[in-house]
Amino acid sequence: MSGIIGKKIGMMTVFEDGAAVPCTLIEAGPCVVTQIRTEEKDGYKAIQLGYGEKKEKRTSKALQGHFKKANTTPKRKLAEFKEFTTDFNLGDTIKVDDVFAEGEFLDVSGKTKGRGFQGVVKRHNFGGVGQTTHGQHNRQRHPGSIGACSYPARVFKGLKMAGRMGNTMVTIQNLKVVKVMADKNLIVVSGSVPGPKNSVVMLHK
């Protein structure tokens, strides 16, 4: 299996050879196989996993039928993972130790915290108070000049300006698996993971 769905619990510290290593604790799985994609029917191979419980009255009739095919209860989150090696059946349960082992490296994808509409100092690390910020002198948190003169007579696309910050999918690569606690469905990875506590994350090999 190439990945699993989990929930970010929070951060912790692990001591390795006397050094404090910041780590993130993730509840990974158990996940249920809810659909199997095949090249003959779908044009590609993949396994769809479901994670977390959801009330049946809050699930559409179409999804209720989808979960009944897999002989499982409605799930909160569905995600697909490419799979080419192992055979699975509908309703199979995938646990964290079936996918990852201690010492391996993985990628974690999650949705970052939404910061709302932010200015250039917070959003793009402009200088702010105490430093000169892009061509203005009396408004310390403003962007300053944003364009040239009669040529090009426009503002270039992609210019760093104020706008919505956060609430986007971000992937952190090459995080080391520090510990796997299969009996509690927990995995400890080094470094930080996108998103707030209790947010859903995807772990990929």
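The values are calculated or read from the model by the stated rules, or taken from the named source; none is laboratory data. Quantities reported herein were computed from a predicted structural model and do not represent experimental measurements. Heads up, the Cβs are rebuilt from the backbone with ideal geometry, glycines too, and the neighbour counts pull from every protein chain shown. Areas reflect the complete protein model, heavy atoms only, side chains present, ligands, DNA and RNA absent. Shrake-Rupley method; radii C 1.70, N 1.55, O 1.52, S 1.80 Å.
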Whole-Hz Karplus couplings 3J(HN,Hα) for the stretch 196-205, θ = phi - 60° and coefficients 6.51, -1.76, 1.60, Gly and Pro as x, run x, 5, 6, 7, 7, 10, 10, 9, 10, 7
Heavy-atom accessible area of Glu39, protein chains in place, probe 1.4 angstrom, given in Å² to nearest 10, is 110
Under a 1.4 Å probe, counting only protein heavy atoms, Phe67 has an accessible area in Å², nearest 10, of 0
Considering only protein heavy atoms, what per residue accessible area in square angstrom results for the chain with a 1.4 angstrom probe?
62
Ranked packing of 149-160, 183-194, most packed first, by mean Cβ within 10 Å:
183-194, 149-160
Which one, Met161, Met11, Met169, has the greatest fluctuation when you compute a Gaussian network model over the chain with C-alpha springs under 10 angstrom?
Met161
Run the 1.4 Å probe and let me know the accessible area of Cys31, rounded to the nearest 10 Å².
0
Taking K and R as +1 and D and E as -1, what net charge do the other residues with C-beta under 15 Å from the C-beta of Val21 add up to?
-1
